[in-house]
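The values are calculated or read from the model by the stated rules, or taken from the named source; none is laboratory data. Everything numeric in this text was worked out from a predicted model, so none of it was measured. Positions of Cβ are generated from backbone atoms using ideal geometry, with glycine treated the same way; all protein chains shown enter the neighbour counts.
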Amino acid sequence: MSSILPDAKREAIAAVVSQTVRETSVYDIHTHLYDPAFGELLLWGIDDQLVYHYLVAEAFRHFDIGFEAFWRLAREEQAQMIWDALFVENSPISEACRGVLTVLNRLGLDANQRDLPSIRKWFAEQDSGDYITRCMDLAKVRTICMTNSPFDELETPKWNAGFERDERFTSALRIDPLLLEWDTAAPRLAGAGYEVQADFSGRTMEEVQRFLRDWAKRMDVLYVMVSLPPAFEYPADTQCSRLIDGAILPFCRESGLPFALMIGVKRGVNAALQLAGDGVGKPDLASLENLCSGHPDNKFLCTVLSRESQHELCVIARKFRNLHVFGCWWFTNIPSVIEEMTRMRLDLIGMSFTAQHSDARVLDQIIYKWDHSREIIAKVLTEKYLNLAATGWEPSGVEIQRDVEGLFGGSFQRFLSR
């Protein structure tokens, strides 16, 4: 049989893939958003979009103002400076800038007027509850997984008091301070009534597990997660490694919760930029391999920050079914790298991964992050289905729908329940 498909067949497959990817709702499995009950902690609106660390870092390449002077400005002044530098005085061509414009366009606003005060006025007139629904509908996001830390002094009072959950928002338990700042985390646990010792003696590991159990229940979490530096090693004679062995992995096995590792961020490369000051490094993924091979009864989620690490991550995932790869994180969440990563993952691990997560810190961002990602995912999937069809194996619409649902959260949910 000829490997050349008729144009009509190619167009038909491309149309089905494009429509399916565009219309299938997603489970956004990692964000920094909050349940509406958290009030002002859930960021949204034009000023929060502009004073976002992606744009702050970019704008400082044009600013003459000092870091401290900038941070002393009111938020509206900061937003105006960023708007002027990146949208008025230069073409807003970067992915972060284009994202803001995509959001405005999809909301029906005319950003071409370059009129930031009128845009701000429009957002000020919106009802927050209605706006959340509108953003989720535009992005076709059915569920948002938050990132919640029991060490965050702004959000823990809300958890302690209790509140009525919005069923569209689920939770992940973030434990960075526990693993990376034990010397300061231990006194906080002790002060909360957990019998822990700085040197891990006595009942420390049992009590850390009790701490995790208490918070996992309170938050009703889907997984436990940590963001790790490129220097992360496992196994190693470090506080982090000892806690993983003595508390994290036993708790996750007992509860059936995956342990999610987001590896490769170098914190505070330029601390004066605050959240915008973090960088990237290439980790040794032998540590991930050691976790997966040494603990086959544990489940692991992983995404890595450096582009150079993506191939190795896929190869490890081929070897260990207790590892689920997800999303294009932070510096890899740009079109050229998303395309490369998606194609690589499909080539190496088929449909057994989650194609994307928004990592959104501002609600509005789910609109552009999913719009832009869908376009790329549809392009890559079309290529793959055309390759299949050229062999004589023609995917049906039902099969394409099944596959896309898997990439958009179904595979993740099956992994959770395994």
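Among the conditions (1) under 22 Å from Asp48 (Cβ atoms); (2) buried (at least 17 other Cβ atoms within 10 Å of the Cβ), Ser352 misses just one, which is (1). The residue of region 260-277 that is surrounded by the most Cβ atoms within 10 Å (Cβ to Cβ), among those that are touching a strand residue (DSSP E or B) at 6+ places or on another chain (Cβ under 9 Å) and in contact (Cβ under 8 Å) with a residue 40 or more places away in the chain, is Gly264. Here are Leu50, Leu42: which of them is touching a Pro at 6+ places or on another chain (Cβ under 7 Å), within 22 Å of Trp370 (Cα to Cα) and crowded, with 17+ Cβ neighbours inside 10 Å? Leu42 is the lone residue from the list that is touching a Pro at 6+ places or on another chain (Cβ under 7 Å), within 22 Å of Trp370 (Cα to Cα) and crowded, with 17+ Cβ neighbours inside 10 Å. Residues in region 171-196 that are outside any helix (DSSP H, G or I) and over 16 Å from Ile244 (Cβ atoms): 6 in all.
Just to confirm my filter: which helices (runs of 4 or more DSSP H) fall fully inside region 61-167 and include at least 1 residues that are in contact (Cβ under 8 Å) with a residue 60 or more places away in the chain and surrounded by 13 or more Cβ atoms within 10 Å (Cβ to Cβ)?
67-72, 95-106, 116-124, 128-139, 156-161
Can you find a residue that is outside any loop (DSSP other than H, G, I, E, B), modelled with pLDDT of 95 or more, surrounded by 15 or more Cβ atoms within 10 Å (Cβ to Cβ) and in contact with an Asp or Glu (Cβ under 7 Å, 6 or more places away or on another chain) anywhere in region 12-25? The answer is no, given that none of the residues of region 12-25 is outside any loop (DSSP other than H, G, I, E, B), modelled with pLDDT of 95 or more, surrounded by 15 or more Cβ atoms within 10 Å (Cβ to Cβ) and in contact with an Asp or Glu (Cβ under 7 Å, 6 or more places away or on another chain).
Candidates are the residues of region 373-418 that are within 30 Å of Ser255 (Cβ to Cβ) and small (Gly, Ala, Ser); the one that is surrounded by the fewest Cβ atoms within 10 Å (Cβ to Cβ) is Ser417.
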